[in-house]
There are 2 protein chains.
Amino acid sequence: MKNFETMSYDELLKEFKGILKANALKFTKQREAILSTLYNNPKHFTSECLYLLVKQKHPELNIGIATVYRTLSLLEENGLVSSISLGAQGKKFEIANKPHHDHLICSECGKIVEFENEQIERLQQQIAEENGFILTDHLMQLYGICSECQKKRTKGD
Amino acid sequence: MKNFETMSYDELLKEFKGILKANALKFTKQREAILSTLYNNPKHFTSECLYLLVKQKHPELNIGIATVYRTLSLLEENGLVSSISLGAQGKKFEIANKPHHDHLICSECGKIVEFENEQIERLQQQIAEENGFILTDHLMQLYGICSECQKKRTKGD
DNA sequence: TAAGATATGAATATCACTATCAAAAAGGTA
DNA sequence: TACCTTTTTGATAGTGATATTCATATCTTA
Ligand SMILES: [Mn+2]
Ligand SMILES: [Mn+2]
Ligand SMILES: [Zn+2]
Ligand SMILES: [Zn+2]
């Protein structure tokens with residue numbers, strides 16, 4: 001997979017157009033609107049939430065939620081966005097212009113902190129090897145209570 | 001949370017009854033059938049799959065799938081079962097009578113290998129602390145291709 | 001064992017997501 | 001540019017897993 005970490009929006013767009021062309025797909029206003037909204041608001045988006053924001057930023061497109069789902073799948077398949085499954089809280093998407101990282105999530109307020117830890121990644125690789133697996137992917141999410149929510153709790157009691 | 005690792009079925013049942021009583025809930029044939037089926041078939045069960053097995057083992061109960069969902073939630077809330085979310089492949093449940101472990105999953109055949117790694121656990125704790133979080137839980141799943149599926153692939157090509 | 005509670009199964013609803021389809025837009029060609 | 005073919009779109013209906021509703025059945029305790 002290509003590394004999109006340091007891409008400017010123009011480069012990203014060029015990359016996207018290349019992927020579209022390579023697959024005989026078309027470059028549409030909707031697809032660009034979704035990509036640019038993701039790029040300019042680098043958060044962890046619910047499909048619904050991204051849909052609302054694109055609608056707000058580009059009201060003239062009258063975008064449909066089906067298109068958002070379709071485009072997110074397309075972008076994820078091609079490595080331009082990545083997603084995390086948060087169980088009950090649903091699935092969230094983010095643009096893949098950052099190095100690989102995992103997530104630390106506050107169970108109380110939903111805050112998401114990103115982190116990376118090479119040592120864990122190495123150990124994961126080792127575990128897979130020990131069990132005869134070729135490691136292709138992993139999911140790691142840490143759940144806890146963030147410092148702000150800890151403070152709130154103390155006050156509340 | 002209590003440690004259920006070394007419990008015999010009788011002990012587990014006693015524990016369950018205690019939880020029920022403490023919450024003014026009733027001990028029913030359905031609830032016991034579900035618990036015993038989980039205990040005697042220590043696998044990773046889909047709700048549907050568990051439902052079918054309980055139905056087969058206890059046809060006289062004519063159990064409904066709603067009861068299976070309800071009971072699994074109840075058991076999970078009380079730490080007697082734990083679940084893993086496998087994205088597209090759905091959610092799987094297992095009885096919590098083993099030490100904590102994480103999962104290595106074959107993307108091709110769905111095989112699940114359990115593992116534990118103290119070193120990773122320590123690093124996770126450390127990461128949470130560094131970010132001011134109190135760690136309460138974590139999720140770690142490694143995805144890959146198991147050795148059998150690797151062999152099949154080579155033959156297929 | 002009767003009273004008062006919760007639990008159950010069947011049916012229905014919900015929720016996130018996917019498929020369908022007619023109309024619109026893209027993009028290659030001349 | 002105008003045309004033509006293909007893909008894309010938004011609205012809508014459909015799907016599958018899980019949750020809820022509700023009338024009846026089953027527990028628990030006195
Ligand atoms: Mn992230
Ligand atoms: Mn397990
Ligand atoms: Zn918080
Ligand atoms: Zn396999």
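A few points about this structure:
- Options B:Thr6, B:Thr46, B:Thr71; residue that is closer than 30 Å to A:Met140 by Cα and touching a Gly at 6+ places or on another chain (Cβ under 9 Å): B:Thr46
- For region A:120-132, the condition holds for no residue, the condition being that it is away from ligand 3 (no atom under 16 Å from the Cβ) and under 17 Å from the mean Cα position of the chain (by Cα).
- When region B:10-30 is limited to residues that are outside any loop (DSSP other than H, G, I, E, B) and surrounded by 13 or more Cβ atoms within 10 Å (Cβ to Cβ), the one that is nearest to ligand 1 (Cβ to nearest atom) turns out to be B:Ile19.
- Helices (runs of 4 or more DSSP H) wholly inside region B:52-157 that include at least 1 residues being more than 11 Å from every other protein chain (Cβ to nearest Cβ): B:65-77, B:147-156
- Residues in region A:31-50 that are part of a helix (DSSP H, G or I) and among the basic types (Lys, Arg): A:Arg31 only.
- The residues listed here are B:Ile127, B:Ile95, B:Ile134; of these, the one that is more than 16 Å from ligand 2 (Cβ to nearest atom), of a type in the set (Val, Ile, Thr) and surrounded by 18 or more Cβ atoms within 10 Å (Cβ to Cβ) is B:Ile127.
- None of A:Ser107, A:Ser82 is over 21 Å from B:Thr136 (Cα atoms), polar (S, T, N, Q) and touching a residue at least 12 places away in the same chain (Cβ under 8 Å) except A:Ser82.
Where a number appears in this text, it was derived from the coordinates with a stated rule and is not lab data. Here the structure is a predicted model, which is why all the values come from computation and not from measurement. Reconstructed Cβ throughout: ideal geometry from the backbone, glycine too, with neighbour counts over all protein chains shown.
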